[in-house]
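Below is one structure, written out as structure tokens, with a few remarks after it.
The values are calculated or read from the model by the stated rules, or taken from the named source; none is laboratory data. Keep in mind that this is a model prediction, so the values were computed, not measured. Methodologically, a virtual Cβ is constructed for each residue, glycine included, from the backbone with ideal geometry; neighbour enumeration extends over all protein chains shown. With ligands, DNA and RNA removed, areas are computed over all heavy atoms of the protein, side chains included. Shrake-Rupley method; radii C 1.70, N 1.55, O 1.52, S 1.80 Å.
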Amino acid sequence: MLAQRVLSALVGIPVLIALVVWAPAWMFTAVVLLFALGAQLELYRMFAAAIGLALGALVVLAFAADRPVLLPLALSLAVIVLVALGLRREVGTEGAWAGVTLTLLGVCYCSWLLGHAIWLHALPGGQMLTLYALGVTWCGESAAYFVGRRFGRRQLAPRVSPGKTVEGGVAQLIASILVAVAGARVVEFSIPEAVAVGALLGVVGQIGDLSESFLKRSAGAKDAGQVIPGHGGVLDRLDSLLFNVPALYYWLYFVGIH
């Protein structure tokens, strides 16, 4: 398991770096679209729902469009279509709207959140900012994994994810801050800014991880999929990034570092 995890990282990380730094914008958009729909499909398989893939693709592609109005339009269309489809259900039947609700969740949780990677990548210095988000997030997750396995004693959220520990959570926070500071010069952050961003991603990423654990536990699934050896599915690998990428983008937008 650990060997597979390391091998997958050794193969996948250089490929991902190459895509972020050197790939043209359309190819980066295609990769984000592929990951978003892959995660969305895994979510639907866990809960046995389906139709939102086309709507999810529409939302992701709207992020790549030059006209900002297309994004709320795409999301509004997704809501209207899904609610309209739900009207066909028999009123009063148990769980009549469950499929509609889950389909909309997939569009928002996977495609909407990950679509922010396209906006982040399009910022000035966006390639390095995207790698920064990946590095801080995944180094923090790795610290949580290894420290939790070796020193973890107190459960962080036993009802949601019994394997996650307070010690691992603290390690993730500290590692996120250290990596954020180490890479500060690359993205032109001051040290205080990097500490703040590292703390933000270290906390928000754990919320994203626990949120996906809650979804898997609700579905009675151990992993969202088996696409990545040693890591599980696409959704298992993206859970923290789904929250961290929008968090970093809006931090940059509202705090005005860039």
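The table for this structure:
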| read-out | value |
| --- | --- |
| Estimated vicinal HN-Hα couplings, Hz - the stretch 15-31 in sequence order (Karplus 6.51, -1.76, 1.60; Gly, Pro = x) | 5, 5, 4, 4, 5, 5, 8, 10, 6, x, 4, 5, 6, 4, 4, 5, 5 |
| Per residue, in Å², the accessible surface of the stretch 106-165 once ligands and nucleic acids are set aside, probe 1.4 Å | 46 Å² |
| Derived scalar couplings ³J(HN,Hα) [the stretch 177-185; Karplus, 6.51 cos²θ - 1.76 cosθ + 1.60; whole Hz; x for Gly, Pro] | 5, 4, 5, 4, 5, 4, x, 4, 5 |
| Per-q log10 I(q)/I(0), the stretch 39-184, q = 0.12 Å⁻¹ (Debye; single scatterer per alpha-carbon; no solvent) | -0.73 |
| Å² of accessible area per residue within the stretch 14-76, as computed with a 1.4 Å probe and no ligands counted | 52 Å² |
| Selection of trypsin sites (Lys or Arg not before Pro), the stretch 105-162, meeting DSSP coil and at most 12 other Cβ within 10 Å | 153, 154, 159 |
| Karplus 3J(HN,Hα) series, Hz, for the stretch 112-120 with 6.51 cos²θ - 1.76 cosθ + 1.60 (x for Gly, Pro) | 5, 5, 6, x, 5, 4, 5, 5, 4 |
| Amide H within-cut-off set for residue 156, under 5 Å, with H built and near neighbours excluded | 164, 165, 166 |
